[in-house]
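Trainee: The structure's right below; bear with me while I get my questions together.
Computed from the coordinates by the stated procedures, all read-outs in this text should not be read as laboratory data. Here the structure is a predicted model, which is why all the values come from computation and not from measurement. A quick note on method: Cβ atoms are made from the backbone with ideal geometry, for glycine too, and the neighbour counts reach across all protein chains shown.
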Amino acid sequence: MIQTVFAHDGTPVFTGTWTAITAARGFNSNLLSIPQGATHFVRYNTGGVKALVIGEVLTGGASTKTCTLIAQAVENGTAGAGDSGIIFVASPSGAFVAETLTGAAGGTVAITQALIPLITSNPYPKTALIVVETASLNVTIGGVLATTTATTNDGVTMSAGQSRVIRGAESIRSFKGINAVNANGSVMKYELMF
């Protein structure tokens, strides 16, 4: 018999990477409240030369399967210009593979795996694990804007290799991060647990 043990910090659902953190930023709202109607999600990279359009049908270049785009969480870059992040979809017609998805309006994204079912019953993250992979990052919670050390130096400085757990939906919602030194190449990875 397999026994499921409930972790009080929640179950990891979304993971991601932030790069080029040259302005204070927080989590995309679609990661903080799972979009209504979404049944699956997947990470993407290399957004094409045109942005996807919410509500359009996406078609897999290799599988030829289709799904409907419900929402998009752009993490790095600008939508349609080499961006990366997470897309939320519904109504997949079958199994997708590592492939390029093309929207009806001509936008594209590349996915590296099949769609992942959204199985969480809680629409808001309980806990966030933050890990600084490269260069120092200043982070805040509670509404204060994180700033670089050369300006007002607001926030807790996390050096490369350090991690921090943030608990509570409001604390996660108010999280902000910025490179401690302007354009220092800081890279942050995260897990959001629901």
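Trainee: Can you compute the FRET efficiency between residue 54 and residue 112 using 1/(1 + (r/R0)^6), with r the Cβ-Cβ distance and R0 = 30 Å? Round to the nearest 0.05.
Mentor: After rounding to 0.05, the efficiency reads 0.85.
Trainee: If contacts are Cα pairs under 8 angstrom and at least 6 residues apart, what is the relative contact order of the chain in percent? Mind showing how you got there, number by number?
Mentor: On the way: 523 pairs, mean separation 55.8, N = 194.
Taking the mean separation of contacting Cα pairs over the length of the chain, I get 29 percent.
Trainee: In whole angstrom, how far apart do the alpha carbon centroids of the stretch 89-103 and the stretch 115-194 sit?
Mentor: Here the two parts' Cα centres lie 30 Å apart.
Trainee: Taking the Cβ of residue 187 as the center, what net charge do the other residues with Cβ under 14 Å away carry, scoring Lys and Arg +1 and Asp and Glu -1?
Mentor: Numbers: positive: 25, 189; negative: 75, 133.
It works out to a net charge of 0.
Trainee: How many nm separate the modelled label positions at residue 159 and residue 45, each set 7 Å beyond the Cα in the direction of the Cβ?
Mentor: Going from the residue 159 label point to the residue 45 one covers 2.9 nm.
Trainee: Which label belongs to the value computed from this structure, given these candidates for Kirkwood radius over Cα pairs in Å: (i) 18.7; (ii) 19.6; (iii) 17.5?
Mentor: (iii)
Trainee: Which net charge results when you count Lys and Arg as +1 and Asp and Glu as -1 among the other residues whose beta-carbon is under 15 Å from that of residue 173? Provide the component values of the computation, followed by the final result.
Mentor: Working: positive: 25, 126, 167, 176; negative: 170.
Here the charged neighbours net out to +3.
Trainee: Arranged from highest to lowest average of other beta-carbon atoms within 10 Å per residue, in what order do the peptides 128-134, 10-16 appear?
Mentor: Answer by packing, highest mean first, reads 128-134, 10-16.
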